[in-house]
Amino acid sequence: MKKPIVGLTLFFMAGIVLGRYLPFSFLPFYIFSLILFGASFSLFLKRKTPLVSLFLFSLTLLVGYLYFSFTYFPHSPAHIINFASSEGEVELVGRVVSRPSEKIFTKRKRVSFILETERIEPFRSNQERSSQISSPDVPDKENTLYGKVEGKVWVNSYSLYQNLGYGDRVRVRGKLRLPRSAREKGDFDWQRYLSYQGVWVELHTGWVEMLESSSISLMRWAHQNENHLARAIEKTLPNPHDQVAKGILLGDKERLPPHILTSFRRTGTAHVLVVSGLHVGLILFILFFVLRTLGVRSKIVAMLAFPVLVYYALLVGLRAPVVRASFMAGVGLTCLLINGIPR
């Protein structure tokens, strides 16, 4: 095969798809891997190269399957999903690891964010808290909902205290539950959407306590810049034009009127409201067009483009499409810096 990287990539992708739909079992995987490895080595000794390549590609498929199975599904006994069956309310301590988004839901402001959990505790009244403080040497050993945990939780907060930012350490109170799956074929699968972000549990709360504010954080700085740009757009443009502009420029379509969002979907242009590689391409095009028109050399423009791409990726919350497009653009800019523009 002249381009083995293509075959390896395709088999690795096939392994990832296989891992999504086929449950992992260690013994069959171990036996099958040994058979493939032994067959590949035996064929290599017999100099049967085409068959060796086929078996090596099959091993790549297994690697993709193993990679997805261990990075996608939670396996740790301390994972927060193991506590989702608890009947009572719990208190979680953790850090905000996503940009809090606001939305008006049933005439109430709701702030949603992802919480990287650190500790779980059963909900206790003030009297119980005081007795625990007065007797710190007597731990509640019978309660299993106590101790360190790991994993992410999708939090919907209706608390009056909404001044949250990326990296803040907070305590939230509520009942854990599993996200809903699609009821019918073709419906939006909320559970799958969250699972691809590493989130398997959600919590609704009306109580959020700030424990530690992250004053120095690159993501928090980017979040503040996004808020500043959003306010500038709101002051400059009338409603609903400001919401459309925020959706196109920043990917913020939470407050977009439903009838306008429906119109975008009916016309097949809803994708412009989601930040993607298109936005990265437009930024690079405008940057190169303006600076090249002013006579700036291509390599200097390429060097200036790197921090612009990083800033925009942070500005929109390091969303996967923008990160991928920025990485590919970075590769192209690096080639431009090394070799220049071919003539």
* **Lys246 being basic (Lys, Arg), surrounded by 16 or more Cβ atoms within 10 Å (Cβ to Cβ) and either assigned to a loop (DSSP other than H, G, I, E, B) or in contact with a Leu (Cβ under 9 Å, 6 or more places away or on another chain) (or both)** => yes
* To do: Pull up segment 102-124, narrow it to residues that are modelled with pLDDT under 80 and not charged (D, E, K, R), then point me to the one that is surrounded by the fewest Cβ atoms within 10 Å (Cβ to Cβ).
  => Thr106
* Are any of the residues in segment 228-238 out of contact with any Lys or Arg (no Cβ under 9 Å at 6 or more places or on another chain), more than 20 Å from Ser98 (Cα to Cα), at pLDDT 80 or above and polar (S, T, N, Q)? -> yes
* **Residue count for segment 249-268, restricted to those that are within 25 Å of Ile286 (Cβ to Cβ), at pLDDT 80 or above and either surrounded by fewer than 15 Cβ atoms within 10 Å (Cβ to Cβ) or of a type in the set (Asp, Glu) (or both)** => 2
* Asked: Given the conditions (1) closer than 20 Å to Leu261 by Cα; (2) of a type in the set (Asp, Glu); (3) touching a residue at least 60 places away in the same chain (Cβ under 8 Å), which single one is not true for Glu226?
  -> (1)
* Asked: When you go through Val280, Val272, Val308 one by one, which is the residue that is at pLDDT below 85, aliphatic (A, V, I, L, M) and part of a helix (DSSP H, G or I)?
  -> Val272
* Mind counting the residues in segment 89-101 that are surrounded by 18 or more Cβ atoms within 10 Å (Cβ to Cβ), in contact with a strand residue (DSSP E or B) (Cβ under 6 Å, 6 or more places away or on another chain) and modelled with pLDDT under 85? => 2
* Just a yes or no: is a residue in segment 296-316 outside the structural domain of Arg99 (by TED's automatic domain parsing), farther than 27 Å from Leu194 by Cβ and among the basic types (Lys, Arg)? -> yes
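The values are calculated or read from the model by the stated rules, or taken from the named source; none is laboratory data. Predicted model, so just to flag it, every value in this text is computed and none were measured. Cβ sites come from the backbone with ideal geometry, for glycine too, and all protein chains shown count toward neighbours.
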